[in-house]
Amino acid sequence: MADAKLDIRPSGAPIGAAVRGVDLTAPLTDEQVAAIRAAWLEHQVLAFPDQPMNDDDLERFTLRFGPFGEDPFFAAIEGRHHIAAIQRGANETSPLFAENWHADWTFQEFGPDGTCLHSRIVPPVGGNTEFVDQYAVYEALPEDLRAWADATDVWHSARGGYAPDGLYGEGDPDDRSMAIRPSSAAYAMQRHPLVRVHPETGRRTLYSCLGYIIGVAEPDDGRRFIPADEAATVELDHGRLGEIYGLQHDERFRYSHVWEPDMLLMWDNRCVLHRATGGYDGHERLLHRTTIGYNADVR
Ligand SMILES: [Fe+2]
């Protein structure tokens, strides 16, 4: 049979859709990839239920949407270079991983276009992954705040999470089951515009949030931005950044994803924030993750 048309059902929330009518354990046709990409750009988060994929399937799927991204502070699973295990033991006491709103790896010069997660062990309760549409948040900003955001560059850094003195650094409890690898490389800084034009949709969107954004790159003479090594000492503009942060997880623009076993999720890291949620103490959880890197072919 020729390519079956994808069955795409919006989640009912402002973003997110479930996709059926495709078998991700088999290679995809170019037509299927194009249809999935179009749905991904439209809905920002796609869930594919009932996909008993193995690691080869997950890697093959990921590479149809871009190169693998660099995952600097995770160790890969045994025998793979580009798959990380997002896991938590039933009796783990460490703080929940990725509980704060964020986009992935925005401190990189060319941050990832997207992330894929495939569920292997799903707890019977809790563990939703939540998303917020950052196009919608941008469009809903008060006019003066939006104008400020449009004109502002910010500094990103992984230091709050992955530096030796960061959240997942040397003070992290010993019983964390995830293979997180803190490093002084996390002190590096990267400047990005606070508002970016999505390279494929052409829509303006907020990019990242406090957590990875550590400061505003203030123009000192209207043209030149302060150098990276001085930026850390500049007073952060928490007035306006904080105000934007307070609006970035507006419930009006959220989707809370409920997991099932053998489900693939892919999100567009360029236009959503996400976070993990708990509520499954006493239960194990395991997902395999790949990162869709910066794809020069779509720019
Ligand atoms: Fe994340």
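Bear in mind that the values in this text are calculations on the coordinates, not laboratory data. Just so you know, these numbers come straight off a predicted model, no measurement behind them. Positions of Cβ are backbone-derived with ideal geometry, glycine not excepted, and every protein chain shown enters the neighbour counts.
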Assuming 0.36 nm per residue, please report the length gained on full extension of the stretch residue 78 to residue 174 beyond their Cα-Cα distance.
32.5 nm
Give me the number: length gained by fully extending residue 281 to residue 297, i.e. 0.36 nm times residue separation minus the C-alpha to C-alpha distance, one decimal in nm.
1.5 nm
Taking r as the C-beta separation of residue 251 and residue 90 and R0 as 41 Å, the FRET efficiency to the nearest 0.05 is 0.85
Relative counts (whole %) of C-alpha pair distances in the chain, using bins that are 5 Å wide
1, 5, 11, 16, 18, 18, 14, 9, 5, 2, 1, 0, 0
Residue order, fewest to most beta carbons within 10 Å, for 118, 198:
198, 118
Globularity index of region 13-111, i.e. its alpha-carbon radius of gyration over 2.2 N^0.38 Å:
1.24
Going fewest to most other Cβ atoms within 10 Å around each Cβ, 115, 277 line up as 277, 115
Report ³J(HN,Hα) in whole Hz for each residue of region 37-47, in order, from the Karplus equation J = 6.51 cos²θ - 1.76 cosθ + 1.60 where θ = phi - 60°; Gly and Pro get x.
4, 4, 5, 5, 5, 6, 9, 6, 9, 10, 10
Sort 41, 210 so that the residue with the fewest other Cβ atoms within 10 Å of its own Cβ comes first and the one with the most comes last.
41, 210
Restricting things to alpha carbons, find the Rg to Rh ratio for region 80-188 using the Kirkwood radius for Rh.
1.01
Taking a label point 7 Å from the Cα of residue 7 along the Cα→Cβ vector, which residues of region 249-281 have an amide N closer than 20 Å to it?
258-266
Would you kindly state how much longer the chain becomes between residue 60 and residue 203 on full extension, computed as 0.36 nm times their sequence separation minus their alpha carbon distance, in nm to one decimal?
48.6 nm
Inter-site label distance for residue 109 and residue 26 at 7 Å from Cα along Cβ, in nm
4.2
